[in-house]
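Working notes for the structure below.
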Amino acid sequence: MDLDLAQVRAFVLTAEGRHFGHAAEELSISQQALSKRIARLESTLGRRLLDRGGQGVRLTEAGRRFLEPARQALTAADRAVAAVLEAHRPLRIDVWGHLYAPMRTLAQVTTAEPRLEPGHGRDLPSVIAALSHGDVDAAFGRVHAPLPAGLTHRLVRLEPVDVILGADHPLADAPAIRPEQLRDGVLWAPGALHRLDFLRRFADSFGIRERAEGANLGLDHFLADLAADARRFSLLPADVPLPPRPAIRSIPLIGPTPLYAWSLLWRGDGAHPLLDTLVSAFVTEAERNRWLEYDPVHDWLPENDLSATP
């Protein structure tokens, strides 16, 4: 039995909205044409799918059984069309956490294919909104719960984090620093700490009570404000390139070493044909560079990152 997808779409829209007028308007057809499509579908299936009574539109038992598979059929059809029509459109990907330089990793993974059109989200909530509205195809940064239904994420890199501090800080000449040694310092945050999940959880986990917040006006401005107070320190992923600034020290953290979790995030339908290629490129690069190594004895991750570790 071959189904007419136009008829299936007419049924799904009507069943979801329980209103013939709204469904007809969304399809840009008359209510009479909509009714004919659904009637032909019911004739093909040999079952009544909708009851049209004085109480409005109501699904029959057969209609209830048919609705979810019908939705899935339409999604598959839309993906098939997108695979043909969008094959040459770049994959639109947002990044966030800009002070931590997410483009370093993305550039390393995508030196050739797939073709990307990078964007710059403000933060995780704004990126989630862009994904949900279809404005972008994927996103890259640190993901933490809760995530809305319909989004999928994959951990692709665990990057060691260093402590950065001014040359006048009491620990500036140490070869390595333990997180507990920072308890008498002031955690300097590039923005409101309640929105910076990683830094807030680090401070809470290691008993760092004093915290100060500044505006995120870029790395140079952030480091200048950091160096202005000998008690301040902050955290940056170890591979972030720092500008040549003699007043700043970047020192490894040990016992444990904090890890920053980078993830790829996308809509569950994964409609863009290059998305699978991008995910495969991340997997290959992670294996080559041992990006996903995690030792719970020597490393630290926020609790909400642990569920994503291999």
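The values are calculated or read from the model by the stated rules, or taken from the named source; none is laboratory data. These numbers were taken from a predicted model, which means no experiment stands behind them. With ideal geometry, Cβ positions are generated from the backbone for all residues, glycine too; neighbour counts draw on all protein chains shown. Accessible surface is based on the protein model in full, side chains and every heavy atom, while ligands, DNA and RNA are left aside. Shrake-Rupley method; radii C 1.70, N 1.55, O 1.52, S 1.80 Å.
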Does segment 245-259 hold any residues that are of a type outside the set (Lys, Arg) and modelled with pLDDT under 85, and which are they?
Pro246
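Residues checked against (1) of a type in the set (Val, Ile, Thr); (2) assigned to a loop (DSSP other than H, G, I, E, B):
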| site | (1), (2) |
| --- | --- |
| Ile208 | yes, yes |
| Ala212 | no, no |
| His221 | no, no |
| Glu285 | no, no |
| Trp291 | no, yes |
Filtering segment 282-310 for residues that are open to solvent by 20 Å² or more (accessible area, probe 1.4 Å), modelled with pLDDT of 90 or more and under 17 Å from the mean Cα position of the chain (by Cα) leaves a count of 1
Of the residues in segment 168-186 that are open to solvent by less than 40 Å² (accessible area, probe 1.4 Å) and within 17 Å of Ala228 (Cα to Cα), the one that is nearest to the chain's Cα centre (by Cα) is Val186
Go over the candidates Trp262, Trp266 one by one and state the one that is crowded, with 21+ Cβ neighbours inside 10 Å, closer than 25 Å to Pro125 by Cα and modelled with pLDDT under 95.
Trp266
Qualifying position, being more than 30 Å from Leu236 (Cβ to Cβ) and either modelled with pLDDT of 90 or more or in contact with a helix residue (DSSP H, G or I) (Cβ under 9 Å, 6 or more places away or on another chain) (or both), among Arg58, Arg65, Arg104:
Arg65
Is one or more of the residues making up segment 139-159 open to solvent by 30 Å² or more (accessible area, probe 1.4 Å) and at pLDDT 95 or above?
no
Looking at Ala203 and the list (1) within 20 Å of Leu259 (Cβ to Cβ); (2) in contact (Cβ under 8 Å) with a residue 40 or more places away in the chain, which single condition is not satisfied?
(2)
Note on Phe233: of the conditions (1) under 30 Å from Arg209 (Cα atoms); (2) surrounded by fewer than 21 Cβ atoms within 10 Å (Cβ to Cβ), unmet is (2)
